[in-house]
């Protein structure tokens, strides 16, 4: 192991240790080594063995690949929490737990900056909804798991553990301020078209379709108020832009105190993310350039605000009315 990688490992181990645990005693117990051996590893005099690294990565939940990437800036390791090799409920809960840890840290940080690009509603911004959140879960299960293609929304078992956990995550998401969002002009049309697709396939009943449509309309009205005020009902500040260019996928750059992360939603509701500095810098540069082709609409441009939200709202009302006649 080279010196840089050895130091990164030592830093990661002690960074991830629980605050109420004595580091030396913990390592002695987990690795079954002497106190002297722990101190030698801590000082960098003796490297951890590969077996010890594997044990610690499992016990303290950090990625060995991430350490390797940090020791070489030319490599970037991405993490993806939603592994569909596992059962849907277990995987989804694991993903929500990641969000809980992340936003708990963000809400308690001295400084936070989050810059999003969005072409559809992100799961974290639908946690305070009833039907849309369930629909996101349904789409994720329907697309990612080996289930019959005619599996109906009404047949889905929505675990109460997921609902309870989502409420905990939302308590932190709603209180995180200093957030910038660049919206695609089709953001609400995209999710509505997905709802319509499942309805036309008769996987949604008319009642379920109407519930989702009405909640989406309410969501638009709620966002319109946030844009008008520049803040949500919990006092968190938002700068919201409307892009003139198509946004190909949802993404976000986060900076929490001195920690950075770039996330990319390319497989639905679960992101690929990395803490690689080069990726973060390039990603942030791209998002900043996108602002040149976007217009700030929060607390400004009232005519553009009104035009955008009326178009979204009227499109859904008219398209749903025509579809309900046909169905």
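For this structure, a couple of remarks:
- Test: residue in region 272-292 that is part of a helix (DSSP H, G or I), within 22 Å of residue 107 (Cα to Cα) and modelled with pLDDT of 90 or more: yes
- Looking only at region 119-157, residues that are part of a helix (DSSP H, G or I), in contact with a helix residue (DSSP H, G or I) (Cβ under 8 Å, 6 or more places away or on another chain) and either at positive phi or loosely packed, with under 14 Cβ neighbours inside 10 Å (or both) come to 1 in all.
- Any chance residue 244 is touching a helix residue (DSSP H, G or I) at 6+ places or on another chain (Cβ under 9 Å) and either at pLDDT 90 or above or surrounded by fewer than 21 Cβ atoms within 10 Å (Cβ to Cβ) (or both): yes
- Scanning region 87-118 for residues that are free of Cβ contacts under 8 Å to residues at least 60 places away in the same chain and either not assigned by TED's automatic domain parsing to the domain that holds residue 247 or not in a helix (DSSP H, G or I) (or both) yields a single hit, 87.
- Taken together, the criteria exclude residue 182 from residues that are touching a strand residue (DSSP E or B) at 6+ places or on another chain (Cβ under 7 Å) and assigned to a helix (DSSP H, G or I).
- Selection of region 184-211 for residues being in contact (Cβ under 8 Å) with a residue 40 or more places away in the chain and within 30 Å of residue 296 (Cβ to Cβ) yields 184, 185, 186, 187, 188, 189, 190, 191, 192, 194, 195.
- When 249, 263 are checked against the criterion of being modelled with pLDDT under 90 and either assigned by TED's automatic domain parsing to the domain that holds residue 136 or farther than 19 Å from residue 125 by Cα (or both), 249 stands alone in meeting it.
- The lone exception for residue 87 - which of (1) surrounded by 21 or more Cβ atoms within 10 Å (Cβ to Cβ); (2) over 26 Å from residue 222 (Cα atoms) it fails: (1)
This table checks each residue for (1) surrounded by 12 or more Cβ atoms within 10 Å (Cβ to Cβ); (2) touching a helix residue (DSSP H, G or I) at 6+ places or on another chain (Cβ under 9 Å); (3) modelled with pLDDT of 80 or more; (4) closer than 27 Å to residue 274 by Cα.
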| position | (1), (2), (3), (4) |
| --- | --- |
| 9 | yes, yes, no, yes |
| 31 | yes, yes, yes, no |
| 34 | no, yes, yes, no |
| 65 | yes, no, no, yes |
| 69 | yes, no, no, yes |
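- Condition met for residue 159 (within 21 Å of residue 97 (Cβ to Cβ) and in the same structural domain as residue 312 (by TED's automatic domain parsing)): yes
- Count of region 199-256 residues which are part of a strand (DSSP E or B) and under 20 Å from residue 129 (Cβ atoms): 5
- Filter result for residue 251 (buried (at least 17 other Cβ atoms within 10 Å of the Cβ), touching a strand residue (DSSP E or B) at 6+ places or on another chain (Cβ under 8 Å) and within 15 Å of residue 113 (Cβ to Cβ)): yes
The values are calculated or read from the model by the stated rules, or taken from the named source; none is laboratory data. It should be emphasised that the depicted structure is a prediction, and the values quoted were computed from it without experimental measurement. Here Cβ is always computed from backbone atoms with ideal geometry, including for glycine, and neighbour counts include all displayed protein chains.
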